[in-house]
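Notes to accompany the following structure.
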Amino acid sequence: MRVVFLGPPGAGKGTQAKQEAERLRVLYIATGDELRKAISAGTPLGQKVRRYTTSGQLVPDGVIIDLVRELLTQPQGRDGVIFDGFPRTLPQAEALDALLRERGEALDAVLYFDVPAETVVERLSGRRVCRACGATYHIQYIPPKVAGKCDRCGGELYQRDDDRAETVRERLRVYAAQAAGLLDYYRAQDLLVPIQGGRSIEEVRGEVQAAMARLPAGRGDRGTVARQRLP
Ligand code: AMP
């Protein structure tokens, strides 16, 4: 089972992708999380990418593709992979196809989270992330039990630099510039499964789980995905 969770920043795809990867016990690859880890650890990769992430720009494709190639070598990847925040450009999408092909694998579906722009801004501005384990919260919709502390590990919650209003606008602009090409690419392969991402977390989770259960292969094997064409 190889599935891409695609959508604008703040679409809720990270929340859903993490839950699905845990539930299905497959590898979870979130390039944004890996870059933040590298930045906070001060690794050469972190130093290289910091200026892009803090300004809401995309990290160069070559850097991201090398990162994903390495992440895919983890043993858990044999059972399946959920990609979150990758691919973000057409060259990344083509590189992912090539990487999977080398492994004798292919994408099964691309879940496309469609969310109104105003919802995205509201979600991002209220988002808080655990410094220790990366769990995400929202000050209004998913508040932690104790303010400022992670329910799972007690770690400190913080607001990502790039979740501030000015950078959010830039990230949305960058997303929009790339999204049409990616959607065309996956639509042409009949891989797109639209998800109405603007609803509550529970409602979206129900739709995501139903889509995953209809995948043609893997743990959710129950036939073929009823892929809807986007308008
Ligand atoms: P995210 O956590 O997915 O919102 O990513 C945070 C930031 O990391 C983005 O704004 C980009 O600067 C960078 N980034 C993450 N994934 C990618 C990717 N696939 N391609 C280019 N840049 C990325």
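The values are calculated or read from the model by the stated rules, or taken from the named source; none is laboratory data. Just so you know, these numbers come straight off a predicted model, no measurement behind them. With ideal geometry, Cβ positions are generated from the backbone for all residues, glycine too; neighbour counts draw on all protein chains shown. Surface areas here come from the heavy atoms of the whole protein model, side chains and all, with no ligands, DNA or RNA. Shrake-Rupley method; radii C 1.70, N 1.55, O 1.52, S 1.80 Å.
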Check Glu207, Glu203, Glu170 and return the single one that is in a helix (DSSP H, G or I), open to solvent by 20 Å² or more (accessible area, probe 1.4 Å) and at pLDDT below 90.
-> Glu170
If you go through the range 149-166, how many residues are under 19 Å from Ser40 (Cα atoms) and either in contact with a His (Cβ under 6 Å, 6 or more places away or on another chain) or open to solvent by less than 80 Å² (accessible area, probe 1.4 Å) (or both)?
-> 10
Residues (under 17 Å from Arg2 (Cβ atoms), β-branched (Val, Ile, Thr) and in contact (Cβ under 8 Å) with a residue 40 or more places away in the chain) located in the range 47-91 = Val81, Ile82
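Say whether the condition of being open to solvent by 60 Å² or more (accessible area, probe 1.4 Å), assigned to a strand (DSSP E or B), touching a residue at least 24 places away in the same chain (Cβ under 8 Å) and over 25 Å from Pro60 (Cα atoms) is met by at least one residue in the range 136-148.
Applying the first criterion (open to solvent by 60 Å² or more (accessible area, probe 1.4 Å)) to the range 136-148 yields 139-141, 143, 145-147.
With assigned to a strand (DSSP E or B) added as a condition, the list becomes none.
So far as the range 136-148 goes, no, none of its residues is open to solvent by 60 Å² or more (accessible area, probe 1.4 Å), assigned to a strand (DSSP E or B), touching a residue at least 24 places away in the same chain (Cβ under 8 Å) and over 25 Å from Pro60 (Cα atoms).
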